[in-house]
1. Could you name every one of the helices (runs of 4 or more DSSP H) located completely within region C:166-276 that has at least 3 residues being crowded, with 19+ Cβ neighbours inside 10 Å?
2. Please find, within region C:47-90, the residue that is surrounded by the fewest Cβ atoms within 10 Å (Cβ to Cβ) out of those that are of a type in the set (Phe, Trp, Tyr) and closer than 26 Å to residue B:404 by Cβ.
3. Restricting to region C:91-100, and then to whatever is touching a Leu at 6+ places or on another chain (Cβ under 8 Å) and either within 8 Å of chain A (Cβ to nearest Cβ) or aliphatic (A, V, I, L, M) (or both), can you tell me which residue is surrounded by the most Cβ atoms within 10 Å (Cβ to Cβ)?
4. With buried (at least 22 other Cβ atoms within 10 Å of the Cβ), under 30 Å from residue B:389 (Cα atoms) and small (Gly, Ala, Ser) as the only criterion, which of B:113, B:128, B:181 stands out?
5. Is it true that some residue in region B:386-399 is in contact (Cβ under 8 Å) with a residue 40 or more places away in the chain and more than 22 Å from the chain's Cα centre (by Cα)?
6. Just to be sure, is residue B:235 crowded, with 23+ Cβ neighbours inside 10 Å, of a type outside the set (S, T, N, Q) and either touching a helix residue (DSSP H, G or I) at 6+ places or on another chain (Cβ under 7 Å) or within 21 Å of residue B:397 (Cα to Cα) (or both)?
7. Sort through B:321, B:281 and tell me the only one that's assigned by TED's automatic domain parsing to the domain that holds residue B:142 and among the β-branched types (Val, Ile, Thr).
Amino acid sequence: MKTRTFIADLLTHAGLILFMIFLVFPLVWMIATSFRPTAEIYSGTVALLPESPSLDHYRTIFLEQKIFTSMGNSFIVGICSTLIAVLIALPGAYALARYSTRWNNVVLGWILGSQIFPVILVMIPLYILLRSMALTDSLIGLTLVYVVWALPFVLWMLHGYVRTVPLDIEEAAAIDGASRSQIIFRIVAPLLLPAIGASVLFAFVSAWNEFFFALVLMKDPNLMTLQVELARFTGMEGQARTGPLAAASVLATVPSVVLFGFLQKWFSSGLIAGAVKN
Amino acid sequence: MKRFILVGAGVVVLGTIVFLLLPQGEQTDSSTTRLRFVSLAWQEQALATNRAIVAEWNAAHPELPVEYVQGTWNSVHDYLITGFETGDVPDVFHYESSVIVDFAMRGFLTDLAPMIEPEMRDDILDVAWASVRRPDGAICGIPFLMESFIGLYDVDALSAAGITPPTFERPWTWEEFRSVARRLTVDTTEDGTVDRWGAAIGLRNSANIVMNLSIGFGGSFFRKVDGQYVVRAGIEERELLSTIHTMLYADRSIAPSSVGQSGPAMIPGFFQRRYAMLIGIGAWGRQQLVENAPRDFRWGVIPPLKARTQDIGTSTQTLSIPKASKRTAEAMAFIRFMLSKENMARLALSDWMLPARASCLEQAEFNDPATGWDVTTASARFLKTGTWTGAPGYVEWKSRVANPVLQEFFSGRLSLDEATARIEEESNVVLSRYQEDGR
Amino acid sequence: MSDWGRTRTSTGQLKLLLPALIPVLLFSLIPLIRGIYLGFTDYRLGDPIQFNGLANYVRMLSDVFFWKSFQVGFVWTLVVTFAQVALGLGLALLLNRKVRFTSIYATLMLVPWAMPPIIRGIVWRQVYDPDAGILNGVLIQAGIIHQQINWLSSFEYVIPAVIVAGVWGEIPKAAVFVLAGLQSIPKDLYEAVRIDGAGRWKEFVHITLPMLTPVLAAVVSLSFMWNFNTFGIVWVLTQGGPGGLTRLPMLAAYEEAFRYGYVGYAAAIGNVMVLVISLVLFSYLRVQLREQKQ
């Protein structure tokens, strides 16, 4: 019996490692490319580690592009939209979990429905609307768009989790004279930390990764987000560009991968609550 | 409950205030007082030249600073088209003649004709003006760089095979080119696979190459019938197509990797001597040769191949002013500076493309044999403007019909008859909607 | 205050929902309704907007480009959805065995998901690069191929190549959802069967799969929607080429609007996409629900 489990474990590891190779390898390859001098990239030899690693490509992108500015913009927009999304979603999620009126169906219907519609339908009207509010070419406008963009998922995840919080805790607090908002932010919110963590992660990463809205909404070069800045590189043909493109891509990937790593535990438990308790 | 709503509203307000206090505000302010100039330069030298000229302007005109905005060929279309819609536009932008005539047709651009000074009007070549002129005489952009296709050969490969390279005085015909390519295709290791192909031609998006080179065969594709454009692929249009196809599949003298690669992407293979000649490459491709070629690699420029004539179609890169720009006169002053005789020469040299001014072409730098400028410049006299210039829907036709069908044709999935039939048929689908519009 | 859990008026709830609903109304719902309306107009950028009824949809009937793009869209959506759910299920089952280092595996597997879609495209472009790509390098060195293959420009290989890249990016999402579902299956169910002496396979078929059905149905539905609406990764990889072979519906709509300026027609394509997705999901979920009841 013991050897059987051992073999089963071994096979499990083998399977997992195969999956990991497939899932992680392209990133590893890109990291390796980013440290290879151009001549080596095109030498046709297959080697994982660069023969003569160099930081040239990183130097190139820092000198040539407004990488820092755009990274800063992405951070500002990401953090602000995340904060706002989670703060306004908390009471909303609470309301969805603790009340059951016709609004539940409306909101949950919208959460699912919002996934069906292709962005193209929203894009031009949204652009014209924001323009009339003088919010194109503005980080505020982009933040608001990203708040709305992240809301369905955040609401869904948080409301699934609120349901797991026992009612009697709230009742006890209410008897002590706490108001509804105190209960939400002081009693319920701390119990929701894993779900809030997952929501923060999700909202930030989706803002950080978003490309289409930023491309269309932002015209001022000083307000570009990192993704749009990076897309410039792909438009430029020629072998001299492969290395810098890899370097820039590595830089753009690092923050989200690190965040995912940190919040991985919270994330999966948050999803369990969101996905299954419904 | 009320307190809660207050808190919620407070958070949103607070977030907004935090934003307004962030330093981005000042950048937005400054950009409204500057002229915004979107450049599509991307080769490193060209980038530097563009920036340098803008800096010189800013030093000389502190009252009218120009903000340099780096655009890309991939994204500039979305950028401009949403901008036109809402009036959020740059004051000057760099783009390409075949697209801006489309923009002009839809009323997005300022007619520059009344603002062009005689000096500039007379110096810029007629063929360049023809690429940006509307039927009513309006000029939708100032042309400054002319696209032209050149061919390249590996000097050592030709001399080893005992082949005399073509000269401007004694150019090759397509037939000669074909037989040379066959002779240069060799299996040096004798393992049954070709080690060096006679020729290569980047056919990834080949509509540009095919249409512009077909002019030498008398091909035009677009014809005006009863005031409306129709697309025909007759004998003249088919000649180049069948020549390339034959070389690819019957002679096997054009490298199969040509199908699906862009011209610049084939340059590394040219360096590695996998192809002895590279044709249909933009003149700017020479920049990569000068900068990246191995030290012992010697190359030369093939003058335009002779079909019926040596004519080649051209389009131009341009600077335009959107109608929505509020400072047309200032923008035009900047264009005049940017495209003065000296500056246009600098731009053309650094982008390795033909300048549109006749006076620039005469300068010594544009006649240097070491960089292939001599042959490239001399071939400027063969440049013509295709009949498709200004045809409504041409841009969509090229990317929807011509490029895809030609891709299928060159990859051997369509016969010549099928390909030309499909081009004519699908053209109707695309062009009809533009003619419905009456534009 | 003992009726705490029951003070549930709809106005009370609305007040709590309001901070979230206002931005949604403003920046999502209103533009969306406007967008749907544009699908019934002849709106071209720069021109006035005119209602033209069903003219866009009539045009679509004879538009070869539209039909081709929906065909590709279906192939792409079905294959990617199926493959990502199957592989995601496999990965989740392995992770659920909780061998050593599972948390490391679980973190690593999220890498593709964490990457911005633009970068996913860039990464795979570098893998498929005919000259510098690892794929050609390895295949040539192993002697499997002799000529470099230009994966993303070849009519034979481009669809599989793009699909592999697409599946790669979507596996983590599916795995995370399925894993969550697996972990919520009560352990005592398994113990009951184990006492009966059932094998692993029986356990999987009789307990795991049925218990997972709701989660799987949700994953399949969501993935179907997301995949049908894919844009970024394919745009970076092929821009819809070669020969329009990978022009997914979203790419087609994007080109209509932002290349050629036909916003009305683009919106009409968007409307048809919504209609198609809704129909497919509706029938799929109905079958699922019926099976579950039985």
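The values are calculated or read from the model by the stated rules, or taken from the named source; none is laboratory data. The shown structure was predicted, so the numbers you read here are calculated from the model rather than taken from an experiment. Virtual Cβ from ideal backbone geometry, glycine too; neighbours counted across all protein chains shown.
1. C:209-228, C:232-238, C:249-254
2. So the residue we want is C:67.
3. C:91
4. Exactly one of B:113, B:128, B:181 is buried (at least 22 other Cβ atoms within 10 Å of the Cβ), under 30 Å from residue B:389 (Cα atoms) and small (Gly, Ala, Ser), namely B:128.
5. Within region B:386-399 (the criterion being in contact (Cβ under 8 Å) with a residue 40 or more places away in the chain and more than 22 Å from the chain's Cα centre (by Cα)), the answer is no, since none of the residues qualifies.
6. Judged against the criteria, residue B:235 is not a match.
7. Just a single option satisfies the conditions, and that option is B:321.
So that you can scan it fast, the table gives a plain yes or no per residue for (1) at positive phi; (2) crowded, with 20+ Cβ neighbours inside 10 Å; (3) within 14 Å of chain C (Cβ to nearest Cβ); (4) modelled with pLDDT under 90:
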residue: B:380; (1), (2), (3), (4): no, yes, no, no
residue: B:402; (1), (2), (3), (4): no, yes, yes, no
residue: B:429; (1), (2), (3), (4): no, no, yes, yes
residue: B:439; (1), (2), (3), (4): no, no, yes, yes
